[in-house]
Amino acid sequence: MKILVFRNKEEASQYAANIITNKLREKPDLRLGLATGSTPILLYQDLVNDHVQNQTSWSNVITFNLDEYKGLSAHDVDSYHHFMNEHLFSKININDKNTFFPNAKTDYDDLIKQYGGIDIQILGIGRNGHIAFNEPGASEYSKTRLVDLDQDTIQVNANKFFNGDIKKVPTQAFSMGLKTIMEAKQIILLAFGADKSKAIQTILQAQEYNKDCPATVLIKHPNVLVLVDSEVNLGM
Ligand code: F6R
């Protein structure tokens, strides 16, 4: 695991965007794992800027999102489908048919395998250490499945999205499993802001998988890059 500290989230996001766009030029049919939430918004903006300025093509790219709320339709403004359309998909030349989200009907892990696996997986992290919606207690061998959201996650997501209305936040979501995430060839974890410090410190100190902080599973992956801004206290 390699960790890089940036002055701010703008610089960290640009760094991640450069990795993706360089890889896209080398492999136009990139298989990309995508996250939602507040963290990757600048990264998606940088990818859109690159598409506009350099005409980088996304026509052969396949994307797999980490998660989607149960019970929200793709058109719901609070759904992750809507988030991805708004921040990325509608602004690049990706084919809608090449963008996938976990749901009740698809064997997502099998689908990812059919496409040859994920080349680069983008991750954010919850302040409780979740990645995708693998909440504390998740098995490191978990596959994509329906999960219950942690009360803390529901509260945090109500504050950031859903107009602050906690009653609107679904209590369950379809989420890639930890094993699914670990099968990606390369992982880029972004963490911005002081409230991610504890989770990042727990990863850096971990010797083995700690189910109280699911992101600790990443210490076992051979190619993980953690990009943080200077607000994250690494405890060093
Ligand atoms: C979203 C996801 C979540 C978020 C995490 C951090 O697709 O998988 O694990 O990455 O909840 O959210 P933000 O970025 O809003 O702090």
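Summary of computed values
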quantity: Within the range 92-110: backbone nitrogen closer than 16 Å to the residue 179 label point (7 Å, Cα to C-beta); calculated: 107-110
quantity: Computed log₁₀ I(q)/I(0) - Debye formula, equal Cα scatterers, no solvent, the range 138-236, q 0.22 Å⁻¹; calculated: -1.29
quantity: Paramagnetic label zone (point 7 Å from Cα along Cα-to-C-beta, residue 219; backbone N under 16 Å) in the range 167-201; calculated: 198-201
quantity: Relative exposure of 176, 1, 236, judged by other C-beta atoms within 10 Å (fewest first); calculated: 236, 1, 176
quantity: Per-selection Kirkwood Rh - the range 51-105 (Cα, Å, 1 d.p.); calculated: 12.0
quantity: Amide H within-cut-off set for residue 6, under 5 Å, with H built and near neighbours excluded; calculated: 228, 229, 230
quantity: Count, lysine Cα pairs under 29 Å in the range 1-119, 8 or more residues apart or across chains; calculated: 21
quantity: Which of 79, 38 has the fewest Cβ neighbours within 10 Å, and the rest in rising order; calculated: 38, 79
quantity: √(5λ) per eigenvalue of the Cα gyration tensor, the chain, largest first, Å; calculated: 24, 21, 18
quantity: Hz values of 3J(HN,Hα) by residue in the range 199-212 - Karplus curve (6.51, -1.76, 1.60), Gly and Pro given as x; calculated: 5, 5, 4, 5, 5, 5, 8, 5, 9, 8, 5, 10, 5, 6
quantity: Dipole magnitude of the range 64-178, debye to nearest 20 (Cβ charges: Lys/Arg +1, Asp/Glu -1, about Cα centre); calculated: 140
quantity: Chain lengthening between residue 19 and residue 5 when straightened (0.36 nm per residue, less Cα-Cα); calculated: 3.5 nm
quantity: Cα-based Kirkwood hydrodynamic radius, the range 23-148, one decimal, Å; calculated: 15.4
quantity: Cut-off 11 Å between beta-carbons: net charge of the residues surrounding residue 226, Lys and Arg +1, Asp and Glu -1; calculated: +2
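None of the figures in this text is laboratory data; all of them are computed from the coordinates on show. Remember, predicted model here, so these are calculated numbers, not experimental data. Quick reminder, even Gly has a Cβ in these numbers, built from the backbone with ideal geometry, and neighbours come from all protein chains shown.
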